[in-house]
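What follows is one structure encoded as structure tokens, with my remarks underneath.
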Amino acid sequence: MTAVPIPRQPSSTDKNANPSGVRTETTPVLALKELVASLYREQNKIQNLLSSLGFALRSFNNLNQFLELTPLMAARVTDADGSALILLKSNGQISLEQLHCQEHQATQELRRLLDGVIRQANTSENQRNKNSNNSPILLLPSLLDEQIRQALGPQVRLYSTPVLVKNVERGRFYIFSSDPDYVWTQTRRKLLQLVADQTAVAIANNELTVELRSKERQDRELEIASEIQLRLLPRKCPKIQGVELAARCRNANRVGGDYYDFIPTNYDQLRQTQEGKIDKQTACCVPWSIVIGDVMGKGVPAGLIMTMTRGMLRAEVLNRHSPAQILQHLNRVMYADLDESHRFVTLFYSEYDPQSQILSYSNAAHNPPLMWRTSSQEIERLDTNGMLIGVDADSQYEDAKVQLKPGDTIIYYTDGFTDAVNPNGDRFEEKGLIEAFRQACQQCHSPQEILDYLFEQVDRFVSGENSNGDDMTLVVMRVQSSE
């Protein structure tokens, strides 16, 4: 293969460099002084070049701007005729990032040859990965060096050094020289390695910057999602005739999968005031749905499914079916989407009628609410048979109802309470919640006090170390005295 005609840089070791052609006599002392001066000038030149590269590394925000300088610096500090920077991609492909040479014509010829080697190498790599059906494997540097050496021909001296980012080779610097007396000394190798190391720092900094910006975007998106989710949850408990309510949702992450809601069962027919708001006097007397649910998992995916559940359930309530039928219809509608996402929803749906003080309910595998009977001072579980929403499109659910009396108190909760773990690995479990609920009903005078007490007991149990490991939601409903 034809050698590349790379123009040589004048070397400080060239003989008969006197432009006048007149032979001059030098004494050993003068020769030594000239050598020392030459070394001093060379040292200053190298220091200035490396200092300029360091300044560029600190100043440039654009990685490409910095990489444009590196082949020039690499050639200058090693007294070479040219230099090239080739980057290795994570997918096994390589690219000629930057190239420097003294003359335009030589640069074009070098680029043509290197592009040919890279194109052939990438084609071979693609074929190898296609045949092996494995993840991409980076081209061996020694093989790449040999292919470039053959392309340039025997008249060009070639040297290289890796660009290591976190101990992973991400590129290589190549040094070209057509000077037959050019020697790859230890000093030149170290100087080229310095350029390569600063290039590695620039690449690592750029990747960290990209990662940081991506994280900032994700944080902002999570913040927006959290704001939307909080707005979808009830801002305050409604006024329902004959009952007091308190509720709180505490997410483990900024976006959670817990859900609770209060829905007037005929809210589409409620009278509105002149300002467009719902007439509170009318709303407090109609039956209300009290619902709590939990999407398997946490974070944004669970939050999206929670939002979808809320919308579909609110639409289903308008049909005025029984709680079991509402869960059955909701399951059929949501089944396809939940099946594809491999997530499921537990849901407890109830309707309270202020006129009769009857609570009708149906359970889709959610933690059964606990009811404190003030007359007997005992706690009962409100439960029915039913599968999770999204497991089986044909799941059947059961209806049940309970007659409430003044003083009776019900807590709806998610498994963040029962799954709370203390430093010893013990779980709070339903037993611990029942005991805390019993004490709260005996000591507290309002649903809000009961809610605060139960959260306090769980936080004290986990000692703050594992606090908020899962979403925690609690709704407290107490039937008021007729007095």
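In table form, for the structure just shown:
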item: Lone qualifier among 110, 99, 208, 164 - being under 18 Å from residue 80 (Cβ atoms) and modelled with pLDDT of 85 or more; result: 99
item: Given (1) of a type outside the set (Asp, Glu); (2) open to solvent by 20 Å² or more (accessible area, probe 1.4 Å); (3) farther than 30 Å from residue 81 by Cβ; (4) not in a helix (DSSP H, G or I), number of the condition residue 260 does not satisfy; result: (2)
item: Single residue of the stretch 417-449 satisfying the filter (polar (S, T, N, Q) and within 36 Å of the chain's Cα centre (by Cα)) that is nearest to residue 474 (Cα to Cα); result: 418
item: Residue that is farthest from the chain's Cα centre (by Cα) [pool: residues in the stretch 166-176 that are surrounded by fewer than 16 Cβ atoms within 10 Å (Cβ to Cβ) and not in a loop (DSSP other than H, G, I, E, B)]; result: 169
item: Condition met for residue 291 (outside any loop (DSSP other than H, G, I, E, B), in contact with a helix residue (DSSP H, G or I) (Cβ under 9 Å, 6 or more places away or on another chain) and open to solvent by 50 Å² or more (accessible area, probe 1.4 Å)); result: no
item: Hits in the stretch 316-331 - residues which are assigned to a helix (DSSP H, G or I), open to solvent by less than 60 Å² (accessible area, probe 1.4 Å) and not β-branched (Val, Ile, Thr); result: 316, 323, 324, 327, 328, 329, 330, 331
item: Condition met for residue 47 (surrounded by 14 or more Cβ atoms within 10 Å (Cβ to Cβ), modelled with pLDDT under 70 and under 27 Å from residue 183 (Cβ atoms)); result: no
item: Hits in the stretch 77-93 - residues which are buried (at least 20 other Cβ atoms within 10 Å of the Cβ) and at pLDDT below 85; result: 77, 88
item: When residues of the stretch 177-208 are limited to those that are assigned to a loop (DSSP other than H, G, I, E, B) and free of Cβ contacts under 8 Å to residues at least 60 places away in the same chain, the one surrounded by the most Cβ atoms within 10 Å (Cβ to Cβ); result: 184
item: Close pairs (9 angstrom Cβ cut-off, 6 or more residues apart or separate chains): closer than 15 Å to residue 456 by Cα in the stretch 398-421, surrounded by fewer than 17 Cβ atoms within 10 Å (Cβ to Cβ) and among the hydroxyl-bearing types (Ser, Thr, Tyr) anywhere; result: 420/467
item: Candidate set from the stretch 357-376 (those that are free of Cβ contacts under 8 Å to residues at least 40 places away in the same chain and open to solvent by 30 Å² or more (accessible area, probe 1.4 Å)); member that is nearest to the chain's Cα centre (by Cα); result: 365
item: Which listed residue is farther than 25 Å from residue 246 by Cβ and either surrounded by fewer than 23 Cβ atoms within 10 Å (Cβ to Cβ) or under 38 Å from the mean Cα position of the chain (by Cα) (or both), from 407, 390; result: 390
item: Members of the stretch 211-242 that are at pLDDT 85 or above and under 27 Å from residue 292 (Cβ atoms); result: 234, 236, 237, 238, 239, 240, 241, 242
item: Residue match in the stretch 332-343 (condition: at pLDDT 90 or above and crowded, with 22+ Cβ neighbours inside 10 Å); result: no
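The values are calculated or read from the model by the stated rules, or taken from the named source; none is laboratory data. Computed from a prediction, not measured in an experiment: that's the story for all the values here. Note that each Cβ is placed from the backbone with ideal geometry, even for glycine, and that neighbours are counted across all protein chains shown. SASA here: full protein model, heavy atoms, side chains in, ligands and nucleic acids out. Shrake-Rupley method; radii C 1.70, N 1.55, O 1.52, S 1.80 Å.
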